[in-house]
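Have a look at the structure below before the remarks.
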Amino acid sequence: MQLFSLDEIEQKVLNDLGINSSFLNTQAFKSVYDEYSSSSQINYYNNILRKSALNMEIVREEIEKRNLPDAMFFIPLFESSYVNQGKGKGPGGLWQIIPQTASNLKLKIDDNIDERLDLLKSTDAAGTYLKRYYKIFNKWYLAIAAYNSGEGRIISGIARASLDKYLEENPNEENNPTVKIYKKYIDDYNKNKSGMSNLYIIYDRYKSYFDLVYLVNNNHKDYFSKTTVTYISKIVTFSILKEKDSFSAIDKKAKYNLEVVNPPKGVQLKSIAGMIGMDFNEFRNLNKHIKKDVLPTSIKSYNIYIPHTKLDVYNQKLGNIKQVIAKNNNKQEIDTKKVIKNDSKKDVSKKQGITVYEVKAGDTLESIAKKYKTSTKKLKIISKKSKKVLSIGDKIEIVK
């Protein structure tokens, strides 16, 4: 088993993530590093990365745009093997976002669309998510841990670990009334999963005592799940291996960049692929967020992704797409008019010879009958009950 002596590469990775160098000598990290730094594992992940050039490019651009640590590149590798997959109630997309988190990040999921599978929008949302947790914890490795386990699980763990370490160093404080209140906060949260804000009070009070190595070495206390400790260890391991140029496929260039277009609503996806001369399966793979093969008419526009190399052709043939939509809409309009016309004929035959009149001030049955050149016997007051006296607003059926 390798024992680390810190070099510049490892120091850079740890500094970027906010991790103390002693973490590299924990058993939890060393076992992960030994496993994944083997030639067989490196070859395995190189093959995954080699097939994922476009998706990798999208993630790299997000990291650069938001000034995220390079280590964030490996989150989609561990979450989805860089494959844009998943649907329904489970996790979905490159970043394997669950529906509730998608809602919090304003990613739409409905019968027509699942924006967790939108390559650009989901990656932007994941960047927002990670930035949000970095702002809360001020350490990137804790933001990564929260991404993996959820905010509640992480704040619970670091609040408990901070207080425990404080009490180990200050055992005379065990019966301090404030400490007893803090312990009650922790117990209440563990039992009811409520009162998360109280855990932040504890962490803010004792965060100078918090230490990742203490947490990892006392993992029997379940501060973090074993899965999360392994997740952090893998992020560090792969970041070090990347800096040491172990992954030859990581810089593979995509065969094209993506362009965003907004075709008219109601257009068939096959029509778009056909007009730009693109294989439909490849086109569909870029647009998995669209659930159906026709763009719905209920929303003004959807983002559709096409290769940059196809943009000129798309713009040239956009008129053809609009013509197809116009013909379809025109046919629907004609069919609708026919239905309305037929329905109108039915209504006329049913109501033929009958006029409905609304009674106004000063009207009498005689005056209404005279006005419509009929007799009072052919006037019928439409009311919930029989009436002989007219009221303003009453409806009268007049049979000519």
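Among the residues of the stretch 172-193, those that are of a type in the set (S, T, Y) and touching a helix residue (DSSP H, G or I) at 6+ places or on another chain (Cβ under 7 Å) comprise Y182, Y185, Y189. Of all residues in the stretch 147-200, those that are under 14 Å from I136 (Cβ atoms) and outside any helix (DSSP H, G or I) total 1. Against the numbered list (1) in contact (Cβ under 8 Å) with a residue 24 or more places away in the chain; (2) more than 28 Å from N217 (Cα to Cα), G88 comes up short only at (1).
Taken residue by residue, the stretch 157-173 has no member that is in contact with a Lys or Arg (Cβ under 8 Å, 6 or more places away or on another chain), open to solvent by 20 Å² or more (accessible area, probe 1.4 Å) and over 27 Å from T230 (Cβ atoms). Condition check: out of contact with any Gly (no Cβ under 8 Å at 6 or more places or on another chain), buried (at least 17 other Cβ atoms within 10 Å of the Cβ), more than 18 Å from K317 (Cβ to Cβ) and at pLDDT 95 or above. Does Y223 satisfy that? Here the answer is no, as Y223 does not meet what is asked. Every listed requirement among (1) within 16 Å of Y129 (Cα to Cα); (2) small (G, A, S); (3) assigned to a loop (DSSP other than H, G, I, E, B) is met by G86 save one, (1).
Scanning the stretch 69-78 turns up no residue that is more than 23 Å from I9 (Cβ to Cβ) and surrounded by fewer than 22 Cβ atoms within 10 Å (Cβ to Cβ). Given the criteria of a type in the set (A, V, I, L, M) and within 28 Å of E8 (Cα to Cα), does I186 qualify? So I186 fails the test.
To keep it simple, each residue is scored yes or no on (1) among the aromatic types (F, W, Y); (2) over 21 Å from F238 (Cα atoms).
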{"position": "Y45", "(1), (2)": "yes, no"}
{"position": "I58", "(1), (2)": "no, no"}
{"position": "P69", "(1), (2)": "no, no"}
{"position": "K87", "(1), (2)": "no, yes"}
{"position": "P91", "(1), (2)": "no, yes"}
{"position": "T101", "(1), (2)": "no, yes"}
{"position": "L120", "(1), (2)": "no, yes"}
{"position": "W140", "(1), (2)": "yes, no"}
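Annotation: N217 fulfils all but one of (1) under 19 Å from I19 (Cβ atoms); (2) crowded, with 16+ Cβ neighbours inside 10 Å; the unmet one is (2).
The single condition among (1) of a type in the set (V, I, T); (2) closer than 30 Å to K135 by Cβ; (3) touching a residue at least 40 places away in the same chain (Cβ under 8 Å) that I98 does not meet is (3). Assess whether A273 counts as being touching an Asp or Glu at 6+ places or on another chain (Cβ under 8 Å), open to solvent by less than 40 Å² (accessible area, probe 1.4 Å) and either of a type outside the set (D, E, K, R) or not in a helix (DSSP H, G or I) (or both). Against the criterion (touching an Asp or Glu at 6+ places or on another chain (Cβ under 8 Å), open to solvent by less than 40 Å² (accessible area, probe 1.4 Å) and either of a type outside the set (D, E, K, R) or not in a helix (DSSP H, G or I) (or both)), A273 qualifies.
The values are calculated or read from the model by the stated rules, or taken from the named source; none is laboratory data. Computed from a predicted structure; not experimentally measured. Glycine gets a Cβ as well: all are built from the backbone with ideal geometry, and neighbour counts include every protein chain shown. Accessible surface is based on the protein model in full, side chains and every heavy atom, while ligands, DNA and RNA are left aside. Shrake-Rupley method; radii C 1.70, N 1.55, O 1.52, S 1.80 Å.
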